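Okay, so here's the structure we're looking at.
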Amino acid sequence: MKKHIILLFVLCLVLAGCDTQTLKRCPDENHPHMIDLGLPSGTKWACCNVGASMPEEFGGYYAWGETEENDEYSFRNNNTGKYVYIGDDISGTLYDVAHVQWGGSWRMPTQSQIEELMKYCTIKRATKNKLPGRLVIGSNKGSIFLPAAGEKQGRIFSFANYGKFWSSTFAHDSIGDEAYNFAFYYSVYNCSKSSRLIRRSVRPVCP
Ligand SMILES: [Zn+2]
């Protein structure tokens, strides 16, 4: 009986070690993984982009609120040119590409989750399999790689230099056509607002 209790205890320890909530880097090729960067909010970040099968892959380019790669933007009236309001925060909604494509608790990061990442992590230039991007390192030494996938407006441009990732947060003070995105280029990092029409990467989180 005592043996069984010890075995059970060991099994619990093994299972706890496999808990995806506590991963600090990818353990295998079965992406996406939930990476713990030691953030105060407890937010975990995905190891790869929506549409990518590996961390360094660019993945899909999505307009804000679109859940598939589209040439036409669904949320603008072609006759009036006006933008359709789809909410202040689309995280976890039917307009959230991470939530729709990956399911479970995956969702687009909010503006404040991006700001938290910028505040509490060290971000530095890096390459993965010769592809350029940024390594984001948490206070707990957990890390994720963000590829410099550029962005897409008809064609893909600025890849290798820029990374642009949508947040789920609508920019209220715009004329209705802007949302916040995390951007890096050279040694600049910010969470700024820009046109919902531009197709960008999406890096999901688990809140
Ligand atoms: Zn992974």
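The values are calculated or read from the model by the stated rules, or taken from the named source; none is laboratory data. In this text, all values refer to a predicted model and were calculated from it rather than measured experimentally. Cβ sites come from the backbone with ideal geometry, for glycine too, and all protein chains shown count toward neighbours.
Do you know which residues across segment 35-57 are among the charged types (D, E, K, R) and outside any loop (DSSP other than H, G, I, E, B)?
ASP36, LYS44
Please find, within segment 20-38, the residue that is farthest from the ligand (Cβ to nearest atom) out of those that are within 27 Å of ILE198 (Cβ to Cβ) and out of contact with any Lys or Arg (no Cβ under 9 Å at 6 or more places or on another chain).
Initial filter on segment 20-38 (within 27 Å of ILE198 (Cβ to Cβ)): 31-32, 35, 37.
Okay, now just the ones that are also out of contact with any Lys or Arg (no Cβ under 9 Å at 6 or more places or on another chain), so 31-32.
Values: HIS31: 4, PRO32: 6 Å.
Per the stated criteria, the residue is PRO32.
How many residues does segment 149-172 contain that are under 20 Å from GLN113 (Cα atoms), assigned to a loop (DSSP other than H, G, I, E, B) and in contact with a strand residue (DSSP E or B) (Cβ under 8 Å, 6 or more places away or on another chain)?
1
For ARG107, which of the numbered conditions (1) in contact with a Ser or Thr (Cβ under 8 Å, 6 or more places away or on another chain); (2) loosely packed, with under 15 Cβ neighbours inside 10 Å fails to hold?
The single condition ARG107 does not satisfy is (2).
Inspect segment 166-173 for any residue being over 18 Å from GLY60 (Cα atoms) and of a type in the set (A, V, I, L, M, F, W, C) and give the result as yes or no.
yes
Of the numbered conditions (1) under 27 Å from GLY38 (Cα atoms); (2) in contact with a Ser or Thr (Cβ under 9 Å, 6 or more places away or on another chain); (3) at pLDDT below 95, SER187 satisfies every one except a single condition; which is it?
(2)
Is it the case that segment 167-180 has a residue that's modelled with pLDDT of 95 or more and of a type in the set (Phe, Trp, Tyr)? Write out each step before concluding.
Restricting attention to segment 167-180, the residues satisfying the condition of being modelled with pLDDT of 95 or more are 167-171, 178-180.
Of the ones still in play, those that are also of a type in the set (Phe, Trp, Tyr) are 170, 180.
Scanning segment 167-180 turns up at least one residue that is modelled with pLDDT of 95 or more and of a type in the set (Phe, Trp, Tyr).
State yes or no: is TRP45 more than 16 Å from the ligand (Cβ to nearest atom), buried (at least 16 other Cβ atoms within 10 Å of the Cβ) and either closer than 18 Å to LYS164 by Cβ or of a type in the set (Lys, Arg) (or both)? Walk me through how you get there before you give the answer.
Working: more than 16 Å from the ligand (Cβ to nearest atom): no; buried (at least 16 other Cβ atoms within 10 Å of the Cβ): yes; either closer than 18 Å to LYS164 by Cβ or of a type in the set (Lys, Arg) (or both): yes.
Criteria not met by TRP45.
Does segment 58-73 contain at least one residue that is within 16 Å of the ligand (Cβ to nearest atom) and assigned to a loop (DSSP other than H, G, I, E, B)?
yes
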